[in-house]
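Here's the structure we're looking at; comments come further down.
Nothing in this text is a laboratory measurement; each read-out follows from the coordinates by a stated rule. Computed from a predicted model, the values in this text were never measured in an experiment. FYI the Cβ positions are ideal-geometry reconstructions off the backbone, even for glycines, and counts take in every protein chain you see.
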Amino acid sequence: MQKVTIVKSKAMPLPIKDVDTDLIIPAQFLTSISKDGYGANLFRRMRDNDANFPMNRKDFDGATILVTDSNFGCGSSREHAVWALTGAGFKVVIAKSFSDIFYNNSAKNALLLVVLPAAVVDQMLQSATSADYEVTVDLETQTVTLPDGSTHKFEYDQFRKHCMLNALDDIEYIRSHAADIQEFRERQEQNRYMSTRGA
């Protein structure tokens, strides 16, 4: 998993509520057995139907922060939606709220989801249409800094924060405690041995 610490980037606006996983990556593109290749078809339906969709605009090239409305990632539990976003280069999604399943899938794939107050998100969505609206997201301090200098705190699960800051997926997290696990096993074995002798 990639390490996530500070992400500084222009923000791409998607002022739409209830963006479901099928809109993020349409079902007909779920053909790969790996995580690769999904980024090319991120928001494919909207991109094909709207020439002015932000991902079709050159001035949004390189954006790694997506700003959207509420209930982003609803619908099915497909993890492919997260893979499509990361495959297209996004590292952070800022919204008013997220689907619970999508939130958990994102945390396991180094996609940082940030919930901010509705008024702040509305301001960002309006300002980001210019394509030169640069935002800084700092996971360590759990803050979002806007171009006007204002800073906004966000909540984040501390276990997932530790994993993201240290580039650990669930398996790697367990492996990072290998010495402690081995020590615990040896202690348990010693206790069983002593218990047997005492009997």
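Report the normalised scattering of the stretch 25-68 as log10 I(q)/I(0) at q = 0.16, 0.30 Å⁻¹, calculated by the Debye formula with identical scatterers on the alpha carbons. Log-scaled intensity ratios, in q order: -0.50, -1.15.
Report the residues of the stretch 98-124 in range of a label on ASN166: point 7 Å along Cα→C-beta, backbone N strictly under 13 Å from it. Under 13 Å, as judged by backbone N against the label point of ASN166, lies no residue of the stretch 98-124. Remark: C-alpha extents of the chain on the principal axes read 78, 43, 24 Å, sorted largest to smallest. Cross-link partners among lysines for LYS161, C-alpha distance below 30 Å, same-chain residues fewer than 8 apart left out? Of all the lysines, those that pass the test against LYS161 - Cα under 30 Å, at least 8 places apart if same chain - are LYS3, LYS8, LYS10, LYS17, LYS35, LYS91, LYS96, LYS108, LYS153.
For the chain, DSSP calls about 45 percent of its internal beta bridges antiparallel.
Were the residues from GLN142 through SER130 laid out at 0.36 nm apart, the gain over their Cα-Cα distance would be 1.8 nm.
Note on the stretch 6-168: with charges restricted to the Cβ of Lys and Arg (+1) and Asp and Glu (-1), its dipole about the Cα centre is near 280 debye.
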